[in-house]
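Presented below is the structure to which this report refers.
The values are calculated or read from the model by the stated rules, or taken from the named source; none is laboratory data. None of the values given here were measured: they were computed from a predicted structure. FYI the Cβ positions are ideal-geometry reconstructions off the backbone, even for glycines, and counts take in every protein chain you see. Just the protein is used for accessible areas: all its heavy atoms, side chains included, with ligands, DNA and RNA removed. Shrake-Rupley method; radii C 1.70, N 1.55, O 1.52, S 1.80 Å.
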Amino acid sequence: MMDNLIHATAHDGFVRIIAAETTDLVNEAVQQHNTMPTASAAFGRMLTAGSLMGSMMKNPQDTITVQINGGGISGGVLVTGKSDGRVKGYIENPDADLPQNDAGKLNVSGIIGLDGKLTVIMDLGMKEPYVSSVPIYTGEIAEDLAYYYTVSEQTPSAVALGVLIETDGSVKKSGGFIIQMLPGAHEMIADILMFRLQEIPNLTTMLCDGNTIKEVLEFIFEDMGLKILEEKVPKLYCDCSQERVAKALLTIGEKDLQELYDDNKTEELVCHFCNTKYHFEHEDLGALLDEIRKNA
Ligand SMILES: [Zn+2]
């Protein structure tokens, strides 16, 4: 188990760094959702983003949901992250796949599409969640998030998200980082950092070379006063249960539920996030009907 999520600062706290290796997490998700290679890369980048962004939330009950839907063959991809680095998500079409692009890379923007929005929903336990959208910029996800941070949060950010898929479809390496310039940071720091980020190898290459995410940060921020603040283990999670799924079933209404019951049918619902199947037998449907009537 190598997955690790790090919060750090550099340049006397003017640079904020959130970085993670998410190989195990993304591998688990890719198996759970049985995704094709390009879908795996898109889903893995989104899960990594969800884990990084979730970990920036202050309170354990806070959640952040990131959704991208550009009208492409992947359909929408949605992830929800929590403050401890846990994340869950789904991709509408796990079979979405395209030939590699000219650079020999998985064509993530090709399956996401460019005709749509990236939406961030922060639920901080207030009456209303905070919702903000930006148009999709490249469909590669990392650039879209950088654009979101700059436009919606006025925080200049560099975002990298990488998922390397093996020929057998498994995830060789996955990881990402969000690097932000905080208010008061000298412009020169941003210039030096941009230059540095352009000249370094990409993140998955460094991870493949055997570096930990911490070593990657030590390399990027050499001589820049890197300070590790916190480490967490990013994990895949789901909070579904028979009870929660039953609530979803209740929303179809008494009439439809009565019909299922009268026709002696059973019902199966699948959790989008973890693909767990929930069965509702004849007597379960009867119990739900009783519950509706009791609450009516
Ligand atoms: Zn679930």
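Converting phi to 3J(HN,Hα) with the Karplus coefficients 6.51, -1.76 and 1.60 and the offset θ = phi - 60°, segment 260-277 yields 4, 5, 5, 7, 6, 8, 10, 10, 10, 10, 10, 6, 4, 6, 10, 6, 6, 9 Hz in sequence order, with x at every glycine or proline.
Remark on Gly116: its backbone amide H falls under 5 Å from those of Ile136, a criterion applied only to residues 5 or more positions apart or on other chains, H modelled at 1.01 Å from N.
Couplings 3J(HN,Hα) of segment 143-157, computed from phi: 5, 5, 5, 4, 5, 4, 4, 5, 7, 7, 10, 6, 10, x, 9 Hz, in residue order, whole Hz [Karplus 6.51 cos²θ - 1.76 cosθ + 1.60, θ = phi - 60°; x for Gly and Pro]. Counting only Cα atoms, segment 129-195 measures 47, 33, 21 Å along its principal axes, largest extent leading. Of the accessible area of the chain, with the probe set at 1.4 angstrom, what percent is carbon plus sulfur? Answer for the chain is 49 percent, counting heavy atoms of protein chains only. Cβ screening of the chain for cysteine pairs under 4.7 Å finds these without a partner: Cys208. Provide, for q = 0.10, 0.23 Å⁻¹, the log10 of I(q)/I(0) from a solvent-free Debye sum over equal Cα point scatterers in segment 1-100. Scattering profile of segment 1-100, log10 relative to I(0): -0.29, -1.14. Kirkwood analysis of the chain, using all unique Cα-Cα pairs, places the hydrodynamic radius at 20.5 Å. For segment 70-75, backbone phi angles converted through the Karplus equation (6.51, -1.76, 1.60; θ = phi - 60°) give residue-by-residue couplings of x, x, x, 5, 6, x Hz, Gly and Pro being listed as x. Farthest toward the positive end of the dipole of segment 242-295, out of Ala287, Thr251, Asn264, is the Cα of Thr251, where the dipole comes from beta carbon charges about the Cα centre. Excluding ligands, DNA and RNA, the accessible surface per residue across the chain is 50 Å² with a 1.4 Å probe. For the chain, adding -39500 (n - 2.57) for each run of n ≥ 4 DSSP H residues and dividing by the number of residues yields -10500 deg cm²/dmol at 222 nm.
Which net charge results for the neighbourhood of Cys271, defined as the other residues with beta-carbon distances under 9 angstrom from its beta-carbon, given Lys and Arg at +1 and Asp and Glu at -1? Summing Lys and Arg as +1 and Asp and Glu as -1 gives +2. Each 5 Å bin from zero holds the following percent of Cα-Cα pairs in segment 201-296: 2, 10, 16, 13, 9, 5, 5, 5, 6, 6, 8, 8, 4, 1, 0. Alpha-carbon geometry of segment 242-295: the Rg and the Dmax are 10.8, 31 Å, given in that order. The charge dipole of segment 242-295, taken about its Cα centre with unit charges on the Cβ atoms of Lys, Arg (+1), Asp and Glu (-1) only, comes to about 280 debye. Remark: spin-label model distance Ile73-Asp223 equals 4.8 nm, labels positioned 7 Å along the Cα→Cβ axis.
Of Lys88/Lys232; Lys105/Lys214; Lys117/Lys277; Lys88/Lys227; Lys127/Lys232, which sit over 23 Å apart, Cα to Cα? Spell out each step's value before the answer.
Numbers: Lys88/Lys232 16 Å; Lys105/Lys214 26 Å; Lys117/Lys277 31 Å; Lys88/Lys227 29 Å; Lys127/Lys232 29 Å.
Pairs exceeding 23 Å: Lys105/Lys214; Lys117/Lys277; Lys88/Lys227; Lys127/Lys232.
Amide hydrogen proximity for Leu98: with H placed 1.01 Å from N in the peptide plane, the residues at 5 or more positions away or on another chain lying under 5 Å are Thr38, Asn107.
Here the relative contact order of the chain, from alpha carbon pairs under 8 Å that lie six or more residues apart, stands at 22 percent.
When the Cα positions of Leu161, Val151, Tyr278 are compared along the charge dipole of the chain, Val151 comes out farthest toward the positive end, with charges on each C-beta of Lys, Arg, Asp and Glu.
Taking the Cα centre of segment 6-79 as origin and charging only Cβ (+1 Lys, Arg; -1 Asp, Glu), how large is the dipole, in debye to the nearest 20?
Details: 3 positive and 5 negative charges, 37 e Å.
Dipole of segment 6-79, to the nearest 20 debye: 180 debye.
In whole angstrom, how far apart do the alpha carbon centroids of segment 20-41 and segment 88-126 sit? If you average the Cα positions of each part, the centres end up 13 Å apart. Basic side chains Lys and Arg get +1 at the Cβ, acidic Asp and Glu get -1 at the Cβ, and with that the dipole of segment 4-236 about its Cα centre reaches some 540 debye.
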